[in-house]
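Everything below concerns the one structure shown next.
Derivation of every value follows stated rules applied to the coordinates shown; laboratory data play no part. None of the values given here were measured: they were computed from a predicted structure. Here the Cβ positions follow ideal geometry from the backbone for every residue, glycine too, while neighbour counts run over all protein chains shown.
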Amino acid sequence: MKYNFREKANIYLGGLLGALLPVIAMRYAIYPNEDNTLSGEINSWKSSIVFNIITIIPIYTMIPGLALGKSYASDLRKKREEREKNLEAIADSTNSNRNILF
C-alpha cells in the first residue's frame, strides 16, 4: 500500500525541518542581533543563510530529517492498514451474522 497525503507530508516536513534547523541554530547561536534593530535582524538572518548555503550543512541535516519523517510515516501507514483490516473483519462478521439470520 502506498503512502497517503498525511504520511507523505510527514516525510517532506521532516526533510524541511532538518534543512532549516542549522539555519535557525546558526542565527541564534553565532549571529546574535545585539542592537535589536530590523536591519541587524535582517543581517543576522542573511549571514546565517549564506553561511549554511556555502557550507552545505543543511543537506547533511536534511537526510536524518527525511529518515525520521519516513520512519514516522511508516508507523502511521502500519496503523492505518491495521485499522482497515479490523474494519474489514468487523464488516465480514456482521455480513456473516446477517446471512445466518436470514
Query raised in the report: Quick one: how many lysine pairs in the chain have C-alpha atoms under 20 angstrom apart, if they're 8 or more apart or on different chains?
Result: 9
Query raised in the report: What is the magnitude of the charge dipole of the chain about its Cα centre, with +1 placed on the Cβ of each Lys and Arg, -1 on the Cβ of each Asp and Glu, and no other charges, expressed in debye to the nearest 20?
Result: 420 debye
Query raised in the report: Karplus couplings for the stretch 45-54 from phi (6.51 cos²θ - 1.76 cosθ + 1.60, θ = phi - 60°), rounded to Hz, Gly and Pro as x?
Result: 5, 4, 4, 5, 5, 4, 4, 6, 5, 5
Report summary line: Along the dipole axis of the stretch 5-101 (charges at Cβ: +1 for Lys and Arg, -1 for Asp and Glu; origin at the Cα centre), the most positive-end residue among ILE53, ALA19, SER93 is SER93
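Where Rh is the Kirkwood radius over the Cα pairs of the stretch 5-101, the temperature 20 °C and the viscosity 1.002 mPa s, what D in µm²/s does Stokes-Einstein return? Mind showing how you got there, number by number?
On the way: Rh = 16.7 Å.
My calculation gives 128 µm²/s for D.
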Query raised in the report: For the chain, what is the relative contact order in percent, using Cα pairs closer than 8 Å and at least 6 residues apart in sequence?
Result: 42 percent
